[in-house]
Amino acid sequence: MTPEQIKQWIDLVKAVSEAIWPLIVLVFSIVFVGPLSGLLSSFRGRNLKIKIGDTEIEIGDYIRQQNQLISDIQNKLAGTASLSPDGVQGKSPGGRVSRILWVDDNPSNNAFLEERFVTMGIRIDKALSTDEGLRSARTTKYDLVISDMGRNEHGKRVYDAGLKLLQAMREEKNLVPVVIYTTLNNVTKFRKDVQELHGQVTSSPTDVVSLVLKQNSEND
């Protein structure tokens, strides 16, 4: 086998791995997570909470987030995902992701994804507002920033808070990759603005996880 053929084979293996990882996750979810959900569901209504990192979340919310990820994977495999055909929009991280800043005024909304990242050995720092996120971004080196779009800040609803965070970071010459994880409507509404600032925007939890998995596999 020539060096060129070896390179082509390696590229093929990488491509196949990236393509089938959602299927692997789905199979795992059906075999292992499904029965676990049944067990957890038996506790629903009892106001029980579980702790993920420093975030407490009610079991019902944890199940909802888990089911959202499984449903998103199923839709992608069926070709019916409610996301733009290009997946995550914008520029990808440039190196291995080992530390993430997550800016969201309701961090419990991300508990299931946070747990996935923590099990991958990734450190998650959280901020509840744009100002808090900017302070953290100025003093700590992050490989990736994830933000929601709309937040309650200073007593009012800021519908483009995620975009304002991205704008402020770029004005400060902070080029850390930013992913806006938001609703499908916001993906459509803000996609152009986010891309112009070299950010990414998605409504898919699968895309958020896939981005990190892909980046880390390419830098192992």
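Taken together, the values in this text are just the output of simple stated rules run on the coordinates, not laboratory data. All of these numbers come straight from a predicted model, not from anything done at the bench. Positions of Cβ are backbone-derived with ideal geometry, glycine not excepted, and every protein chain shown enters the neighbour counts.
Observations
- Close lysine pairs were tallied over the stretch 99-218: pairs 8 or more places apart or on different chains with Cα atoms under 16 Å apart number 6.
- Each Lys and Arg adds +1 at its Cβ and each Asp and Glu adds -1 at its Cβ; summed about the Cα centre, the stretch 99-218 shows a dipole of about 140 debye.
- When each of the peptides 100-106, 181-187, 153-159 is scored by how many other beta carbons lie within 10 Å of its residues on average, the order from highest to lowest is 100-106, 181-187, 153-159.
- Normalised by 2.2 N^0.38 Å, where N counts its residues, the alpha-carbon radius of gyration of the stretch 99-218 equals 0.98.
- Each of the peptides 130-140, 111-121 was scored by the mean count of other Cβ atoms within 10 Å over its residues; in descending order, highest first, they stand as 111-121, 130-140.
- Cα-projected label distance for residue 175 with residue 197, points at 7 Å along beta-carbon direction, nm: 1.7 nm
- Computed label-point distance, nm, for sites residue 132 and residue 118 using a 7 Å Cα→Cβ extension: 1.7 nm
- Between the amide H of residue 123 and those of 99, 100, distances stay under 5 Å, these residues lying 5 or more places away or on another chain, with hydrogens modeled in the peptide plane.
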